[in-house]
1. Hey, CYS239 hits all of (1) of a type outside the set (Ser, Thr, Tyr); (2) exposed (fewer than 14 other Cβ atoms within 10 Å of the Cβ); (3) in contact (Cβ under 8 Å) with a residue 24 or more places away in the chain but one; which does it fall short on?
2. Given the options TYR45, TYR21, TYR102, name the one that is part of a loop (DSSP other than H, G, I, E, B), aromatic (Phe, Trp, Tyr) and either more than 23 Å from GLY161 (Cα to Cα) or out of contact with any Lys or Arg (no Cβ under 6 Å at 6 or more places or on another chain) (or both).
3. Exactly one condition in (1) touching a strand residue (DSSP E or B) at 6+ places or on another chain (Cβ under 9 Å); (2) part of a loop (DSSP other than H, G, I, E, B); (3) among the small types (Gly, Ala, Ser) is false for GLY261; which is it?
4. Which residue pairs have Cβ atoms closer than 7 Å, lie 6 or more positions apart in sequence or on different chains, and pair a first residue in segment 75-94 that is of a type in the set (Lys, Arg) with a second residue that is surrounded by 18 or more Cβ atoms within 10 Å (Cβ to Cβ)?
5. So ASP174 clears everything in (1) touching a residue at least 40 places away in the same chain (Cβ under 8 Å); (2) surrounded by fewer than 20 Cβ atoms within 10 Å (Cβ to Cβ); (3) touching a Leu at 6+ places or on another chain (Cβ under 7 Å) except one condition, right? Which one?
6. So which of ALA59, ALA66 is touching a Pro at 6+ places or on another chain (Cβ under 6 Å), touching a residue at least 12 places away in the same chain (Cβ under 8 Å) and buried (at least 24 other Cβ atoms within 10 Å of the Cβ)?
7. Consider segment 76-92. How many of its residues are surrounded by fewer than 19 Cβ atoms within 10 Å (Cβ to Cβ) and within 18 Å of LEU108 (Cβ to Cβ)?
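Nothing in this text is a laboratory measurement; each read-out follows from the coordinates by a stated rule. Values in this document were obtained by computation on a predicted structure and should not be read as measured data. For neighbour counting, all protein chains shown are included, and Cβ atoms are generated from backbone atoms with ideal geometry for every residue, glycine included.
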Amino acid sequence: MLIQETHKDVATKAGGDMRIYIFHPTIANYPKAKFPGVVVFSEIYQVTGPVQRFARQIASQGYIVAAPSSYHEFTGPEALAYDGPGTDKGNEWKITKKVSAYDEDATLSVDALLSLPTCTGKIGATGMCLGGHLAYRCALDRRVSAAVCYFATDIHSHSLGEGKNDDSLERAGDIKGELVMIFGKMDNHVPPAGRDLIRKTLHDKGVNFSFYEIAWAQHAFIRDELSKGRYDPAISGICFEMLRELFNRALRSDLGPRDGGEVEVEDVC
């Protein structure tokens, strides 16, 4: 499936215009074809080459992708470099930006997708690192039916944003869509105790979710550049199939309302 790439600059209350990169699938001779939408949240470096390629990969499956630049209060939409200065800026802005501003970005990104006449109205979210956390928070919006969160940072430590005191775990029960949480077992940004806390909280809050911990995978293992030596194409491909399964089921099918009833499990081999 071919892809058209554009962008939209959206005014924000938090400050500055947020650039939303749009990756739109096209099918020859079907100008009015409609597709579900997916918000792709980036890591601390904004919309880098790896994030763009990830967005194109999703768009090629028949989803309109919106990828917002998160740091519009502090800089332009250009990506930060995967180097020391870029990392320092991204980490500084991550905890300078207000959580309410992150949520505004998510709302505006969903709004942008739903405003397109080619969007079916079904919305998903995904992201990596900081973006994994933002995809999780985007799922607090009841318009979001599914979210896939790759190695989401700061959820376990509630340390996102200004004051480093977010309420993401406390609000887990507000998530009504389905989640997929993916971590590497060698991810030192989210240690085993942190992953256990996230899993237990999601269970306790009654969230519908899948939880994967992949042996030997480090933090940022889907980032397809080699400067930090963590990219694992084989595992990334398997995780993308998890994303495809959830989005195909939750965003393409008309499942009707969830009744919340228990599923009977047969005690047989």
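1. Going through (1) of a type outside the set (Ser, Thr, Tyr); (2) exposed (fewer than 14 other Cβ atoms within 10 Å of the Cβ); (3) in contact (Cβ under 8 Å) with a residue 24 or more places away in the chain one by one, CYS239 breaks only (2).
2. TYR45
3. It is condition (1) that GLY261 fails.
4. Once the first residue is of a type in the set (Lys, Arg) and sits in segment 75-94, its partners that are surrounded by 18 or more Cβ atoms within 10 Å (Cβ to Cβ) give LYS89/LEU80; LYS94/ILE44; LYS94/LEU130.
5. With (1) touching a residue at least 40 places away in the same chain (Cβ under 8 Å); (2) surrounded by fewer than 20 Cβ atoms within 10 Å (Cβ to Cβ); (3) touching a Leu at 6+ places or on another chain (Cβ under 7 Å) applied to ASP174, the lone miss is (1).
6. ALA59
7. 1
Per-residue answers, yes or no, for (1) touching a Leu at 6+ places or on another chain (Cβ under 8 Å); (2) on the phi > 0 side of the Ramachandran plot; (3) not in a helix (DSSP H, G or I):
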site: HIS203; (1), (2), (3): no, no, no
site: GLY206; (1), (2), (3): no, yes, yes
site: TYR212; (1), (2), (3): no, no, yes
site: ILE222; (1), (2), (3): no, no, yes
site: GLU225; (1), (2), (3): no, no, yes
site: GLY229; (1), (2), (3): no, yes, yes
site: CYS239; (1), (2), (3): no, no, no
site: PHE247; (1), (2), (3): no, no, no
